[in-house]
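In what follows, a single structure is set out as structure tokens and then discussed.
The values are calculated or read from the model by the stated rules, or taken from the named source; none is laboratory data. Please read all numbers here as calculations on a predicted model, not as lab measurements. Methodologically, a virtual Cβ is constructed for each residue, glycine included, from the backbone with ideal geometry; neighbour enumeration extends over all protein chains shown.
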């Protein structure tokens, strides 16, 4: 199985998706890059630690992905939303997750 997302995919994100609860293992999240806050990353939650406060994130293509193996865990409060729909390219349009 290949990565869920590919370079050039354009996504819609729900900024309120995790307002009521922290992300769960397997869900996609939108987070600021811990190395450059102006850059946003889409990663999958691999592990949840400390009562849901810390997330270990992974990319769907480990050989080409920069994820928690590089920058460590991310606080759940830093999550900016949940990607849920790809609208570009048209041939790949549909729900993601």
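Per the conditions (1) over 13 Å from the mean Cα position of the chain (by Cα); (2) at positive phi; (3) in a loop (DSSP other than H, G, I, E, B), the sole criterion not satisfied by residue 19 is (2).
Of all residues in region 1-16, those satisfying the criterion of being assigned to a loop (DSSP other than H, G, I, E, B) and either closer than 18 Å to residue 69 by Cβ or in contact (Cβ under 8 Å) with a residue 60 or more places away in the chain (or both) are 3, 4, 5, 6, 8, 9, 15, 16.
For region 71-92, name all the residues that are assigned to a loop (DSSP other than H, G, I, E, B), in contact with a strand residue (DSSP E or B) (Cβ under 6 Å, 6 or more places away or on another chain) and either farther than 20 Å from residue 47 by Cβ or without any contact (Cβ under 8 Å) to a residue 60 or more places away in the chain (or both). Before the answer, list the steps.
Residues of region 71-92 assigned to a loop (DSSP other than H, G, I, E, B): 72-73, 79-80, 89.
Subset that is in contact with a strand residue (DSSP E or B) (Cβ under 6 Å, 6 or more places away or on another chain): 73, 79-80.
Selection gives 73 alone.
Condition first: surrounded by fewer than 16 Cβ atoms within 10 Å (Cβ to Cβ) and either modelled with pLDDT under 95 or closer than 23 Å to residue 62 by Cβ (or both). Now tell me which residues in region 1-18 satisfy that. Within region 1-18, 1, 2, 3, 6, 7, 8 meet the criteria.
What tally of residues in region 19-35 results from selecting those that are farther than 15 Å from residue 83 by Cα and either at pLDDT 95 or above or in contact with a strand residue (DSSP E or B) (Cβ under 6 Å, 6 or more places away or on another chain) (or both)?
Total meeting the criteria: 1.
For residue 23, the requirement of being buried (at least 17 other Cβ atoms within 10 Å of the Cβ) and over 17 Å from residue 96 (Cα atoms) is not met.
Quick check: anything in region 63-81 closer than 20 Å to residue 93 by Cα and either surrounded by 17 or more Cβ atoms within 10 Å (Cβ to Cβ) or within 13 Å of the chain's Cα centre (by Cα) (or both)? Looking for residues that are closer than 20 Å to residue 93 by Cα and either surrounded by 17 or more Cβ atoms within 10 Å (Cβ to Cβ) or within 13 Å of the chain's Cα centre (by Cα) (or both), one finds at least one in region 63-81, hence yes.
Scanning region 35-60 for residues that are surrounded by fewer than 19 Cβ atoms within 10 Å (Cβ to Cβ), within 13 Å of the chain's Cα centre (by Cα) and assigned to a loop (DSSP other than H, G, I, E, B) yields one hit, 60. A search for C-beta distances below 9 Å between a residue of region 51-62 that is more than 18 Å from residue 96 (Cα to Cα) and any residue that is crowded, with 16+ Cβ neighbours inside 10 Å and at pLDDT below 95, counting only pairs 6+ apart in sequence or on different chains, returns 51/22; 52/22; 53/22; 55/22.
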